[in-house]
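Each remark here refers to the structure printed beneath this line.
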Amino acid sequence: MFATQPLTSPLVAHYALCSFRLYLCQQDFDRRSNRMVPPGSRSPVLRSPREIKIDFAAPNGPNPEVDEGSVEMFKDDESVKFLQDPELSDVNPAEYDAIFYVGGHGPMIDLPEDPNNIKLANAFYQSGKITSAVCHGPGALVGVTDASGKSIFDGRNATGFSDAEEEQVGKVKDVPFLLETRIKELGGKYTKAEQAWGPKVVVDGHVITGQNPASAAGVGKAILEALSA
């Protein structure tokens with residue numbers, strides 16, 4: 001997701017001109033796998049109107065699926081203008097000021113080990129650009145490191161979908177790892193809301209993370225504040 005000049009209306013669209021450029025990364029999902037996790041990103045986490053230009057991309061290009069359980073919520077014209085996504089390998093980090101990983105279980109499946117994703121995220125993180133994610137999105141960052149090979153989470157305050165929340169949605173056996181546990185294993189200082197499903201946003205340097213869908217708006221606000229600083 002990328003950002004350049006305030007929009008005349010708060011649309012999320014490819015063609016809008018903005019004062020910042022922000023890159024938003026989605027995920028693909030292989031239906032041939034045996035995993036029961038619904039594919040795609042959750043629409044409420046994905047779309048929250050902001051005055052920035054947003055470009056979308058995915059490992060294999062156009063139109064990674066959106067979670068069928070939430071897609072009915074957003075069928076207006078503004079919500080479907082992001083459907084021609086480039087491949088991750090075609091994205092030039094120099095053209096953008098930030099990267100943002102949306103939620104939904106998809107980021108836990110194919111992005112953690114995708115070489116193009118790791119290369120792209122490393123480029124943003126290592127250059128000091130805003131690196132952000134919400135819900136399961138931080139799962140796409142578990143392979144990201146600094147130039148010395150130190151994990152993005154090592155010694156850093158961060159959050160993401162909690163183990164308790166994963167248990168409550170009944171998907172513990174369907175994901176390759178539990179995000180809260182993995183962040184801690186990588187040396188992260190994981191924190192979460194007092195109650196499951198409560199909003200929690202953590203800003204540590206140029207890394208911004210949100211715990212769950214309720215945190216999406218807060219993450220968006222934190223990104224805007226960081227871009228405007």
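The selection criterion, being on the phi < 0 side of the Ramachandran plot, of a type in the set (Asp, Glu) and at pLDDT below 95, holds for Asp174. Does the range 175-198 contain any residue that is of a type in the set (Phe, Trp, Tyr), touching a helix residue (DSSP H, G or I) at 6+ places or on another chain (Cβ under 7 Å) and more than 23 Å from Asn122 (Cα to Cα)? Yes, the range 175-198 has at least one match. Kindly evaluate Ser132 against the criterion of being among the hydroxyl-bearing types (Ser, Thr, Tyr), buried (at least 21 other Cβ atoms within 10 Å of the Cβ) and over 20 Å from Pro59 (Cα atoms). Answer is no for this residue. Counting only residues that are touching a strand residue (DSSP E or B) at 6+ places or on another chain (Cβ under 9 Å) and part of a loop (DSSP other than H, G, I, E, B), the range 206-229 holds 3 of them.
The values are calculated or read from the model by the stated rules, or taken from the named source; none is laboratory data. The model shown is predicted, which means the values in this text are computed figures rather than measured ones. Neighbour counts run over all protein chains shown; Cβ positions are idealised from the backbone, glycine included.
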